[in-house]
1. Exposed loop chymotrypsin sites (Phe, Trp or Tyr not before Pro) only (DSSP loop, at most 12 other Cβ atoms within 10 Å): please give the longest stretch of the chain free of them, not including the sites.
2. Kindly provide the GluC sites (Glu not before Pro) of the range 30-78 that DSSP labels as loop, not H, G, I, E or B, and whose Cβ sees at most 16 other Cβ atoms within 10 Å.
3. May I ask you to compute the full-extension gain from residue 59 to residue 93, defined as 0.36 nm times their residue separation minus their alpha-carbon distance, rounded to one decimal in nm?
4. From the helices alone, meaning DSSP H stretches of at least four residues, give me the mean residue ellipticity at 222 nm for the chain, per-run term -39500 (n - 2.57), in deg cm²/dmol to the nearest 500.
5. Using DSSP to call loops (not H, G, I, E or B), can you name the trypsin sites (Lys or Arg not before Pro) in the range 86-124 whose Cβ has at most 14 other Cβ atoms within 10 angstrom?
6. Could you compute the net charge surrounding residue 81? Neighbours are other residues with a C-beta less than 15 Å from the C-beta of residue 81; K and R count +1, D and E count -1.
7. I want the local charge near residue 110. Using Cβ-Cβ distances under 14 Å, sum +1 for each Lys or Arg and -1 for each Asp or Glu among the other residues.
8. Counting Lys and Arg as +1 and Asp and Glu as -1, what is the net charge of the other residues whose Cβ lies under 9 Å from the Cβ of residue 67?
Amino acid sequence: MSRTPKLLSVRNIERGSSLGDSVGLADRWWPQLKGLIGRTGLEEGEGLLITSSQGVHMWWMKFPLDVAMLDKDGKVVALYRDLQPGKRTRMHWDAHYALELPVGVIEQSGTREGDMLKWEAGEA
């Protein structure tokens with residue numbers, strides 16, 4: 001039996017902006033390990049929220065990403081704009097989540113370090 005991935009809607013409550021309405025949740029070891037490897041891109045509104053993450057790598061990726069590192073409460077502790085394939089973030093020991101998004105979403109949403117992000121179940 002395959003598990004249908006949970007989709008989340010992610011909002012920046014400080015700025016009143018959306019970061020995505022079809023954000024997948026990687027809350028188990030295999031989705032966390034695989035991430036977006038094998039995908040050719042993300043559509044507008046898509047993304048991936050990885051739990052238990054203090055950093056991400058872009059090895060074997062085919063496209064760049066915006067990445068927000070979040071603490072356990074959803075506070076942005078670091079931002080990476082246009083992180084290219086083959087690169088990686090540094091380790092953020094205060095982070096608990098990594099939010100991977102299409103390039104440009106961080107800028108479009110006005111997201112800054114220190115902002116609070118909230119997520120809830122989105123469309124299935």
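1. That gives 1-58 as the longest site-free run.
2. Listed in order of number, the matching sites are 43, 44.
3. That works out to 10.2 nm of additional length.
4. Rounded to the nearest 500, the figure is -2000 deg cm²/dmol.
5. 90, 112
6. -2
7. Value of the local net charge: -1.
8. Here the charged neighbours net out to -1.
Each value in this text was obtained by applying a stated rule to the coordinates, not by laboratory testing. All values derive from a computational prediction rather than experimental measurement. When we count neighbours, we look across all protein chains shown, and the Cβ atoms used for this are built from the backbone with ideal geometry, even at glycine.
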